[in-house]
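Remarks on the structure that follows.
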Amino acid sequence: MRNPWSWIPSLYFAEALPYVAVMSIATIMYARLGLTNTEVAFYTSWLYLPWVIKPFWSPLVEMFGTKRRWVVAMQVLIGAGLAGVAFTLPMGEGVRWSLAFFWLVAFSSATHDIAADGFYIDALDSHEQTLFVGIRSTFYRIATIVAQGGLVWFAGTLETFTRRIAYSWSLTFYLLAGVMIALYAWHTFALPRPTDRHKADEGGGARLNAFVDYLKVYLSFFVKPQVVPALLFMLLYRFPEALLVKICPLFLIDSEANGGMGLTTAEVGFVQGTVGVMGLTIGGILGGIVAARHGLKRWLWPMVLSITLPDIVYVVMCYAPGMSIEWISLCIFVEQFGYGFGFTAYMLYLLYYSRGKYATAHYAFCTGFMALSMMLPGLFAGLLSDTLGYAHYFILVMGCCAVTFLVTAFLRIDPSFGKKSGGLK
């Protein structure tokens, strides 16, 4: 067994990089390559699908091979997929082929998430799991800033010097692929070799019984109390944010003549990938602190207000052309801080609904609905923004905040849940 400090930070750094590449960097890159908002939002929203359906193939990770092998194998595939994106971008059919490789990265990344989280459980005892939960989250956030901030800034700087957009992004993805391969090389050495709780050499009958048990677990998810309000909450609580997430970077990077803010690629990397992620992180930490002190129920409605009302900053930016990058950064920080604080309620409710005999599997199912809640609105967000224009689109988003209030009103939550004295049992 190796020291957890030698592999936990790097493992969760590696978990974040491909997710950010698929969900955030690809959006900015395709906008810079000249795709319309409709095309960018539609194509990249479909890339959420592997995270939506990953609970359905998670039993395979448990039943076949070891989680350590799954982790290192997926890191190789992710590195190869990112290299494929880099290689195909300058080609004539660069968009089509790069999307195909992004699909490889997305499925490999979703599988890597399953294996990495399972490996974390198998390799550490309960005390170590508790001790390092903050460390893994911290390095996940660091990777987000590095990718969404640093790599986008790097691509923007290359655009300035080379005057070749596709070539600049190709070099950026070659760099990212190199980082993933380096992480793979490190983890083949640094990851310990624990005994999986479900051994790979079990017989076929045992595997079949395990698969039947998983089906029973999934079915039990849909007979829990308040299942309808819970599913509506999972799917619609973040509906306004789901409409924003694909359009915000496009709005920031679009020209002022088209109603955008006219930022360069490097400036978007700083504003959204650095300042925005810092606001998101601070808001999430504060949300966790207050919820742990007073419980989810007491802070539920303040968090609802926090995740919805700050969206007004995008309406303000639309009607303030020529706004300085400092004021834009402040607006993004406020909105992302509010989102981070309000998102705490969502994550805690997933834990609340998952409680019971099959908590781990039910939580995985909840995260599938969480990904679906972002995927579906994103499919038509670009079309709406192209049709309405940015100003009217962001006003529509503010109107959709009523959906968040409505689905929250039907929840019934134990007042003790989340408090230090109980509720998280």
Checklist line | Residue list for the stretch 263-279, filter: among the β-branched types (V, I, T), over 24 Å from G342 (Cβ atoms) and either without any contact (Cβ under 8 Å) to a residue 12 or more places away in the chain or part of a helix (DSSP H, G or I) (or both) | finding: T265
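Mind telling me which of the residues F369, F417, F365, F394 ends up being open to solvent by less than 60 Å² (accessible area, probe 1.4 Å) and under 27 Å from G149 (Cβ atoms)?
Working: F369 fails: under 27 Å from G149 (Cβ atoms); F417 fails: under 27 Å from G149 (Cβ atoms); F365 fails: under 27 Å from G149 (Cβ atoms).
On inspection, the qualifying residue turns out to be F394.
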Next item on the list: Go over the candidates L89, L82 one by one and state the one that is modelled with pLDDT of 85 or more and under 18 Å from the mean Cα position of the chain (by Cα).
Entry: L82
Checklist line | Output for the stretch 39-69, where each listed residue is in a helix (DSSP H, G or I), closer than 30 Å to T265 by Cβ and either of a type in the set (A, V, I, L, M) or open to solvent by less than 40 Å² (accessible area, probe 1.4 Å) (or both) | finding: V40, A41, T44, S45, L49, P50, W51, V52
Item checked: Within the stretch 342-362, considering residues that are open to solvent by 10 Å² or more (accessible area, probe 1.4 Å) and under 24 Å from Q272 (Cβ atoms), the one modelled with the lowest pLDDT -> M347
Margin query: Just to check your reading of the model, which residue among Y319, Y339, Y314 is crowded, with 23+ Cβ neighbours inside 10 Å and farther than 22 Å from T144 by Cα?
Written below: Y314
Notebook entry, point to check: Is there any pair linking a residue in the stretch 280-307 that is within 21 Å of V245 (Cβ to Cβ) and surrounded by fewer than 22 Cβ atoms within 10 Å (Cβ to Cβ) to one that is modelled with pLDDT under 90 and basic (K, R), with Cβ under 7 Å and at least six apart or on different chains, and which?
Noted result: T281/R141
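Check whether at least one residue in the stretch 82-94 is part of a helix (DSSP H, G or I), surrounded by fewer than 17 Cβ atoms within 10 Å (Cβ to Cβ) and touching a residue at least 40 places away in the same chain (Cβ under 8 Å), and report yes or no. Walk me through how you get there before you give the answer.
Residues of the stretch 82-94 part of a helix (DSSP H, G or I): 82-88, 94.
Those still in the list that are surrounded by fewer than 17 Cβ atoms within 10 Å (Cβ to Cβ) too: none.
No, the stretch 82-94 contains no residue that is part of a helix (DSSP H, G or I), surrounded by fewer than 17 Cβ atoms within 10 Å (Cβ to Cβ) and touching a residue at least 40 places away in the same chain (Cβ under 8 Å).
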Next item on the list: Considering (1) on the phi > 0 side of the Ramachandran plot; (2) crowded, with 17+ Cβ neighbours inside 10 Å, say which one G389 fails and leave the rest.
Entry: (2)
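Out of all the residues in the stretch 70-78, is one or more closer than 25 Å to A359 by Cα, more than 19 Å from the chain's Cα centre (by Cα) and part of a helix (DSSP H, G or I)? Explain how you work it out, then say what you get.
Within the stretch 70-78, the first condition is being closer than 25 Å to A359 by Cα, and the residues that meet it are 70-71.
Of the ones still in play, those that are also more than 19 Å from the chain's Cα centre (by Cα) are 70.
Those left that are additionally part of a helix (DSSP H, G or I): 70.
Within the stretch 70-78, one or more residues are closer than 25 Å to A359 by Cα, more than 19 Å from the chain's Cα centre (by Cα) and part of a helix (DSSP H, G or I).
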Next item on the list: Can you tell me which residue among A147, A143 is modelled with pLDDT under 95, touching a Phe, Trp or Tyr at 6+ places or on another chain (Cβ under 7 Å), surrounded by 15 or more Cβ atoms within 10 Å (Cβ to Cβ) and assigned to a helix (DSSP H, G or I)?
Entry: A143
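Would you check which residues across the stretch 247-262 are outside any loop (DSSP other than H, G, I, E, B) and among the acidic types (D, E) and list them? Step through it out loud before you land on a result.
Kept after step one, since they are outside any loop (DSSP other than H, G, I, E, B), are these residues of the stretch 247-262: 248-253, 256-258.
Scanning the stretch 247-262 gives a single hit, E256.
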Note to self: Need the failing condition index for Y12 against (1) among the aromatic types (F, W, Y); (2) over 17 Å from Y184 (Cα atoms); (3) open to solvent by less than 10 Å² (accessible area, probe 1.4 Å), just the number.
What the structure shows: (2)
Next item on the list: Please identify the pairs in which a residue from the stretch 357-384 that is within 13 Å of V40 (Cα to Cα) has its Cβ atom under 6 Å from the Cβ atom of a residue that is buried (at least 18 other Cβ atoms within 10 Å of the Cβ) and basic (K, R), counting only partners at least 6 apart or on another chain.
Entry: G378/K246; A381/K246
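The values are calculated or read from the model by the stated rules, or taken from the named source; none is laboratory data. Since this is a predicted model, take the numbers as computed values, not measurements. FYI the Cβ positions are ideal-geometry reconstructions off the backbone, even for glycines, and counts take in every protein chain you see. With ligands, DNA and RNA removed, areas are computed over all heavy atoms of the protein, side chains included. Shrake-Rupley method; radii C 1.70, N 1.55, O 1.52, S 1.80 Å.
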